[in-house]
Amino acid sequence: MGGVEDDEPPSKRVKVSSGESAGLANGTSVREQGSCSLSDSMARLLASQEDDEVVGSKGVIKKVELVRIITEALYSLGYSKTGAHLEEESGIPLHSTRVDLFMQQILDGHWDESVATLHEIDLMDETIVKLASFVIMEQKFFELLYVDKVMAALKTLRTEIAPLNINGDRVRELSYFIVSPSQNLLHQTSGQESKLKSRKKLLEELQKLLPPTVIIPENRLVHLVEQALDLQKDACRFHNSSVGEMSLLTDHRCGRDQIPCHTLQILQEHSDEVWFLQFSHNGKFLASSSGDCLVIIWEVKADGQVSVKHRLSGHQKPVSYVAWSPDDQQLLTCGVEETVRRWDIASGECLHVYEKGGLGLVSCGWAVDGKSIFSGVTDKSIIMWDLEGKEVECWKGQRTIRIGDLGITTDGKELITVSKDKTILLFGWETMSEKFIEEDQTITSFALSEDRKFLLLSLLNQELHLWNIDGCAKLVAKYKGHKRERFVVRSCFGGLEQAFIASGSEDSQVYIWHRLSGELILTLAGHSGAVNCVSWNPANPHMLASASDDRTIRIWGLNRVNMNYNWRHSNGVHCCNGKS
């Protein structure tokens, strides 16, 4: 009555020897194992019984491995007693007794004994043993120098380190410490504490060298959970909120309400087709240009309202392109085959007009340091100017065509232009190097990602092609669905971590794709004319702007139907759900 039946699994009934043993905490210091520890023979017996046992519906998770990484997580979180209890109850040790001994010998500075123990650990090939022995003996070498035992250190170098025939360059470096022992890193700190810290770092280094079957990698469970969250986030077609909002308690899935798909404002200040628009890098301003030869600087208020800051006049032809300076304090504007103008954002003043006698300028862009600018010319050359308008360089030849797009790579050393109808040129303007990206269709425009490692090409056949240009250029994705037959229609990257691709379209809609999967997830209706350009606010993943032939700019955001707000501006009509 109340007794324990004798059908309990053997692994739960085996008597475990008691005694205290030091071990590793946080995966790098010896853990406390309470009053019980498992012998190697016990561990081998239990491992042989449970090695093949799996858990979970997929049948791919080995029970032994799962228990071990849970145990490591408990120790890492500081729950030493709970970790020791799990080892005892499960009969599955985090590490074998021999591995525990090895780690304790490292912390105690018993170098020769630790190397001997290392050779006794199973599943170790000779290369790993040599590499581990090298770093152990290196630590021994430095600690001998630390206590001024130079001859003993020299002996260690000659008889224990050099014969391993590992990393000859490092052996020569170590010999320099014999001549100048003051360079020993241990001399930069003092006392027993510095030794202990350096030994813990050594243990971390050894942990990376030894197979995970021998020593569980530190924070392995946390790493696996982070991987799972990343996979869920990548698989979520609408993920556009902070990763901090993800929970371990439920599978992650965002709704469409995370995508800016509701018209919050209609900006009606332009008197002709709006051709181009772009948010500043800090997201506080929006610049738009139009067939009315006007550029408007819009200010994005803290509450999301967008209002006119400056109207920039001076161009004699429609303005086809704008480019923000790296610090967002200035703006370049380019008229159609006309001039490039540089403006001060604070005052709205035109600071300089760049022009080339008898020729027109077709594109503009900033050097990464903001101290010079580049422009494409109608004779297909590219000019580099200083800010005051002095022509610094002019590269002639087939460098660009009459497409108003110009980009600069992350290091600032390559210009990106459309050099021929179907060809992108990455031009190393310092070295005169040239790299090309060839397409089968005519390129109508391109956009550069925020990190400048990806290039998004709009093609004549109504496709968008995403190229990775970090190193050897590689086509990584294609996006289809939008309409483009007669006009230049521009696209952009956007959303949280630029996880989305957006594009204008001649059918008066905005198209949005999930960048990683290539899936078309939303089309936004509201404009009454072709949508020429889109721009996603880089500082606010929930704000998108679109420019149209209907002479308006739409600001798209999250649904605010049920929110109380009183937005009223003379320049904007405020809407929800795409309706006035």
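Can you find a residue in the range 221-232 that is surrounded by 13 or more Cβ atoms within 10 Å (Cβ to Cβ) and over 21 Å from the mean Cα position of the chain (by Cα)? Yes; the residues of the range 221-232 include at least one that is surrounded by 13 or more Cβ atoms within 10 Å (Cβ to Cβ) and over 21 Å from the mean Cα position of the chain (by Cα).
Table: residues versus (1) surrounded by fewer than 21 Cβ atoms within 10 Å (Cβ to Cβ); (2) of a type in the set (Asp, Glu); (3) within 30 Å of residue 505 (Cβ to Cβ).
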position	(1), (2), (3)
361	no, no, yes
413	yes, no, no
416	no, no, yes
423	yes, no, yes
426	yes, no, yes
441	yes, no, yes
448	no, no, yes
457	no, no, yes
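Candidates are the residues of the range 353-381 that are under 22 Å from residue 330 (Cα atoms) and basic (Lys, Arg); the one that is modelled with the lowest pLDDT is 356.
Selection over the range 98-137 of residues that are open to solvent by 10 Å² or more (accessible area, probe 1.4 Å) and closer than 12 Å to residue 215 by Cα gives a count of 6.
In this structure, is residue 260 closer than 30 Å to residue 394 by Cβ and in a loop (DSSP other than H, G, I, E, B)? It is false that residue 260 is closer than 30 Å to residue 394 by Cβ and in a loop (DSSP other than H, G, I, E, B). One residue alone among 177, 141 is open to solvent by less than 50 Å² (accessible area, probe 1.4 Å), at pLDDT below 95, touching a Ser or Thr at 6+ places or on another chain (Cβ under 6 Å) and not aliphatic (A, V, I, L, M), and that residue is 141.
For the range 280-315, taking the residues that are open to solvent by 40 Å² or more (accessible area, probe 1.4 Å) and not in a strand (DSSP E or B), the one that is farthest from residue 368 (Cα to Cα) is identified as 303.
Give the residues of the range 467-498 that are surrounded by fewer than 21 Cβ atoms within 10 Å (Cβ to Cβ), out of contact with any Asp or Glu (no Cβ under 8 Å at 6 or more places or on another chain) and under 18 Å from residue 535 (Cα atoms), sorted by residue number. Outline the logic, then answer.
Going through the range 467-498, the residues surrounded by fewer than 21 Cβ atoms within 10 Å (Cβ to Cβ) turn out to be 467-468, 470-478, 480-481, 483, 485-488, 496-498.
Next, only the ones that are out of contact with any Asp or Glu (no Cβ under 8 Å at 6 or more places or on another chain) stay: 467-468, 470-477, 481, 488, 496-497.
Listed by number, the residues that qualify are 488, 496, 497.
Pairs linking a residue in the range 163-176 that is part of a helix (DSSP H, G or I) to a residue that is among the basic types (Lys, Arg) and open to solvent by 40 Å² or more (accessible area, probe 1.4 Å), with Cβ atoms under 9 Å and 6 or more positions apart or on different chains, are 164/130.
The values are calculated or read from the model by the stated rules, or taken from the named source; none is laboratory data. In this text the structure is predicted, and so the values were computed from the model without any measurement. Note that we place each Cβ from the backbone using ideal geometry, even for glycine, and neighbour counts take in every protein chain shown. The protein model used for the area step is the full one, side chains on, heavy atoms only, and it has no ligands, DNA or RNA in it. Shrake-Rupley method; radii C 1.70, N 1.55, O 1.52, S 1.80 Å.
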